[in-house]
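What follows draws every value from the coordinates through simple rules; no lab data is involved. Just so it is clear, the structure is predicted and the values come from calculations on it, not from any experiment. Neighbour counts are summed over all protein chains in view; Cβ atoms, including those assigned to glycine, are modelled from backbone coordinates with ideal geometry.
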């Protein structure tokens, strides 16, 4: 039997059911984390944005109007939290990104044989370096569409853009990502 949908969980949260919100967090924490990591300049800022986003969602659960999915609503809150922290944060790159954890969160599997594992690790490292080389606006549109697989309208809503503008930004971001990968020799 399937449990309650996300909107019902938010209604229960607004009525004071903390366990309902725990379920919302469990369902969406990985997606929210990936967007925070893409939008924030450092890993620590992303962690702060993640906490701030879920705290804000908990406090405002009763304000969810159902005009979008709960996931889109949470991602919008997370993006705003990350952007607020980015304004205050130094733009220093993350000295030790946890590539393996990000790769697992993004759905990359671990090959079984050692040689394939080493090749996959090199590819993940190259992709993460390429993503890190992009501007936050490029990273977040790629995360929303390619990793989170949001539809165009939802991604545009999270980014606060019209659909054509989001498509244009996504196209440019993918081209920039490909250019960085080619420049780094990671075709």
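Quick notes on this one:
- Centre-to-centre, using Cα atoms only, region 65-85 and region 16-54 are separated by 10 Å.
- Extension gain for residue 83-residue 30 works out to 17.2 nm (0.36 nm per residue, less the C-alpha to C-alpha distance).
- Straightening the chain between residue 8 and residue 183 buys 58.2 nm, computed as 0.36 nm per residue apart minus the Cα-Cα spacing.
- Values of log10 I(q)/I(0), in the order q = 0.14, 0.16, 0.18, 0.21 Å⁻¹, for region 6-88 under a Debye, Cα-only, solvent-free model: -0.41, -0.53, -0.66, -0.86
- With a Förster radius of 25 Å applied to the C-beta separation of residue 59 and residue 137, the computed FRET efficiency comes to 0.35.
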